[in-house]
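Working notes for the structure below.
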Amino acid sequence: LKSRFGRKSSTLSPPLRSGAERRAPAMGACCSTAASQASAPQPRAPGADGGSAPAIATARPEAPHFAVLLGRTAFDGAQAAEVVDAGDLDKVKQRCADMGYGGFYIRDGKAHFQVEEASLCLENLTEDETATFYAYSSTSEGAAVVVKAMAYNLQWWSLYGRRNGAGGSASRLIASATPDMMGLQECDDVSRVLFEGGLQSSYSYIQGSKALAMAWRSAEWELLEHGIQDVAMDEREQFYGARAVQWARLQHGRTGKVVFFMNHHGPLRINSGGQAGGFATATNILNVFDEHREFGDAAILVGDFNATRETETIRTIEPTIPLVFTGPSFGGVDHIFSWLKPVRSQDLGSGGSDHNALMSTLVLQ
């Protein structure tokens, strides 16, 4: 049913700072590290090289920014402020910016402009597979960010150990879904998973201990800090060892917004919560969240919790980080939690594992 943990582990430095007050004593040692930063070139003073100071260029207006949401409209059925042909998307976007509309959706070749501000449009999205909604912001900092978060247990011992990756079946599933960030469980070598999907140049990753791994789109997101901490222990009847939660603070390059992304593989037996029970496991996960997140960080927690949604583990987490989506595997033990507004959740199938991959599309404002 479940594999033993993988043998790879991250080499992490001691914690960077002291944590906030904990709800209850957490188990295990925590490790964290600041992401290595390339040294940015220092600005040179005008004329520092002996030449004349450069001419000051006139600032150009910042281009309008749009969050794109496939299969969605906003205020569908309400009277559009304006309807135009959508053949030239750049012109449609500029029209939206010039008129100060909150956004527009395109359906059947027509752009329907919404007079309501973008934040209100995003709160009133409706499903329509034939449409695409564009939420407008005049600045990159104010722009909404669409985040596709994935949870996927790879069943490494079977899919890779016995079947040698089944021709890259899990990797192809990931490549077709193009998540912005993913939390993988039972993953002994995330670099192999990415390579077999042709994703090695598009994603950065952390291979953690206890077969936990995460990856994110490197063109859009930058790693600020990361760590891993034990939060539970398997029951003696089905004992493989300690269970951990892995975390990373990921910053969106264009807007500067930060997601606190967590990845967890829960204790066995299923629905037991491990030796200390579901409340203790959930509390320890939330303690890690409280200790390492910064003010303003948005929360996403994914994983195979080995706990279905009616258990104490899930019910304890949900008031702090709402449950967004639950998959079907083993009665529903795979979950995605987030503070962010979900606009779509998908069961992507198994890709050769004994768990289905889950993905939720979330809006970070």
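The values are calculated or read from the model by the stated rules, or taken from the named source; none is laboratory data. Predicted model, so just to flag it, every value in this text is computed and none were measured. As a convention, Cβ positions derive from the backbone with ideal geometry for all residues, glycine included, and neighbour counts pool all protein chains shown. To get the accessible areas, we keep the full protein, side chains included, count just its heavy atoms, and leave off ligands, DNA and RNA. Shrake-Rupley method; radii C 1.70, N 1.55, O 1.52, S 1.80 Å.
Check 280, 276 and return the single one that is part of a loop (DSSP other than H, G, I, E, B), in contact with a strand residue (DSSP E or B) (Cβ under 8 Å, 6 or more places away or on another chain), at pLDDT 95 or above and open to solvent by 10 Å² or more (accessible area, probe 1.4 Å).
None of the others qualify; the one that does is 276.
Taking strands (runs of 3 or more DSSP E) that fall entirely within the stretch 36-127, which contain at least 3 residues that are within 20 Å of residue 144 (Cβ to Cβ) and at pLDDT 90 or above?
Filter on the stretch 36-127 gives 103-107, 110-114.
Would you check which residues across the stretch 288-308 are over 24 Å from residue 147 (Cα atoms) and either in contact with a strand residue (DSSP E or B) (Cβ under 7 Å, 6 or more places away or on another chain) or crowded, with 22+ Cβ neighbours inside 10 Å (or both) and list them?
Residues satisfying the conditions are 306, 307.
For the subset of the stretch 178-195 comprising residues that are surrounded by fewer than 19 Cβ atoms within 10 Å (Cβ to Cβ) and not basic (Lys, Arg), which member is nearest to residue 299 (Cα to Cα)?
By that ranking, first place goes to 178.
For the structure I just gave you, tell me whether residue 243 is over 18 Å from residue 288 (Cβ atoms) and either modelled with pLDDT of 95 or more or aliphatic (A, V, I, L, M) (or both).
In short, no.
Among the residues of the stretch 180-194, write down those that are free of Cβ contacts under 8 Å to residues at least 24 places away in the same chain and over 18 Å from the mean Cα position of the chain (by Cα).
If the condition is that a residue be free of Cβ contacts under 8 Å to residues at least 24 places away in the same chain and over 18 Å from the mean Cα position of the chain (by Cα), then 191 is the only one that fits.
Quick one: in the stretch 306-353, which of the residues that are among the acidic types (Asp, Glu) and not in a loop (DSSP other than H, G, I, E, B) is nearest to residue 176 (Cα to Cα)?
Selected residue: 347.
Restricting the stretch 135-171 to residues that are in contact with a Gly (Cβ under 7 Å, 6 or more places away or on another chain), at pLDDT below 95 and not small (Gly, Ala, Ser), which is surrounded by the fewest Cβ atoms within 10 Å (Cβ to Cβ)?
141
Check residue 280 against each of (1) in contact with a helix residue (DSSP H, G or I) (Cβ under 7 Å, 6 or more places away or on another chain); (2) aliphatic (A, V, I, L, M); (3) over 27 Å from residue 352 (Cα atoms) and name the one condition it does not meet.
The number of the failed condition is (1).
Kindly list the number of the only condition in (1) open to solvent by less than 50 Å² (accessible area, probe 1.4 Å); (2) over 30 Å from residue 207 (Cβ atoms); (3) out of contact with any Ser or Thr (no Cβ under 9 Å at 6 or more places or on another chain); (4) polar (S, T, N, Q) that fails for residue 132.
All conditions pass for residue 132, except number (3).
Could you list all residues from the stretch 227-241 that are over 18 Å from the mean Cα position of the chain (by Cα) and either surrounded by fewer than 17 Cβ atoms within 10 Å (Cβ to Cβ) or of a type outside the set (S, T, N, Q) (or both)?
Within the stretch 227-241, 230, 231, 232, 233, 234, 235, 236, 237, 238, 239, 240, 241 qualify.
Identify, from the list 224, 268, the residue that is open to solvent by 30 Å² or more (accessible area, probe 1.4 Å) and among the aliphatic types (A, V, I, L, M).
After ruling out the rest, the residue left standing is 224.
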